[in-house]
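Readers should treat all values here as calculations from the given coordinates under stated rules, not as data from a laboratory. Since the structure is predicted, the reported quantities are computational estimates derived from the model, not experimental observations. All Cβ positions, even for glycine, are placed from backbone atoms using ideal geometry, and neighbour counts span all protein chains on display.
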Amino acid sequence: MAQAIAEQTQAAGIGHEGTGHGHADHPPTSLGINHRKLLMWMFLASDCMFFGSLIATYMIYRGRTETVGNGPFPSNILDIPYTSVSAFVLLMSSLTMVLSLGALQRGDLRGSRVWLLATALLGTIFVGGQFFEFTDFYHQGLSLQQNMFGATFFTLTGFHGAHVTIGIIWLLTLLFVSLRGGLKQEDSLDLEIAGLYWHFVDIVWVVIFTLVYLLPYKQMPKEGAEHALNLLGTGAHIIATIFF
């Protein structure tokens with residue numbers, strides 16, 4: 001009986017912290033996934049709902065700026081070629097992330113560090129490009145308070161940029177740990193979890209780029225915009241007359 005209990009304990013990975021095999025070979029979850037990786041998947045699921053709500057809000061109010069006529073309009077301010085380059089840079093960072101993880105799993109610490117640094121640099125280029133785009137839009141008159149497009153656009157893309165920034169800090173931290181000798185081949189799960197987060201951020205940007213930049217917007221002529229503003233002013237005057 002004692003021998004059977006010992007064998008079951010060994011199969012469950014209990015009492016093998018010193019060898020480094022127990023919890024890695026036999027994850028303590030019924031799904032067969034390491035508990036840390038499962039926790040990351042749960043976080044990404046909640047973050048997916050978060051971005052889903054932001055994207056849904058943007059799509060609900062999409063086109064309201066043209067209807068009211070309070071510019072600048074998306075069709076006149078969005079620079080698709082410029083943002084396409086930024087999107088390409090971010091997508092390439094997913095490739096370098098895969099190469100970094102693969103190198104670490106093979107025991108190539110130097111290669112892993114090089115590709116990890118490349119991933120962080122590509123993410124930094126993307127964030128820098130987004131900052132330049134935000135600054136340019138602001139100089140053209142677009143802000144959070146300007147119209148519904150500005151409010152939903154800056155909120156959606158701004159939160160995504162914040163996620164990318166967090167990912168960059170995470171990657172640079174892992175690079176620092178690796179240079180100190182704390183990220184070795186047997187610690188590849190740490191880099192894999194960071195990679196899951198990074199790939200999620202890239203996938204979210206593909207969705208945002210498609211819905212915000214690639215889908216065409218209505219072109220509001222000048223006369224139509226003036227007419228919409230006149231209607232809005234007339235409606236506001238009627239409401240004020242009735243209630244005040």
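Can you tell me how much longer the chain between E186 and S53 gets when fully stretched, taken as 0.36 nm per residue apart minus their C-alpha distance, in nm with one decimal? All intermediate terms of the calculation are to be shown ahead of the outcome.
Numbers: separation 133, 0.36 × 133 = 47.88 nm, distance 3.81 nm.
So the chain would gain 44.1 nm between E186 and S53.
Relative contact order, whole percent, for the stretch 95-147 stands at 26, derived from Cα pairs under 8 Å and 6 or more residues apart.
Would you order S94, S84, S100, S53 from fewest to most other beta-carbon atoms within 10 Å of each residue's own beta-carbon? Present the calculation step by step, with values, prior to reporting the outcome.
Details: S94 17, S84 13, S100 30, S53 10.
So the residues, fewest neighbours to most, are S53, S84, S94, S100.
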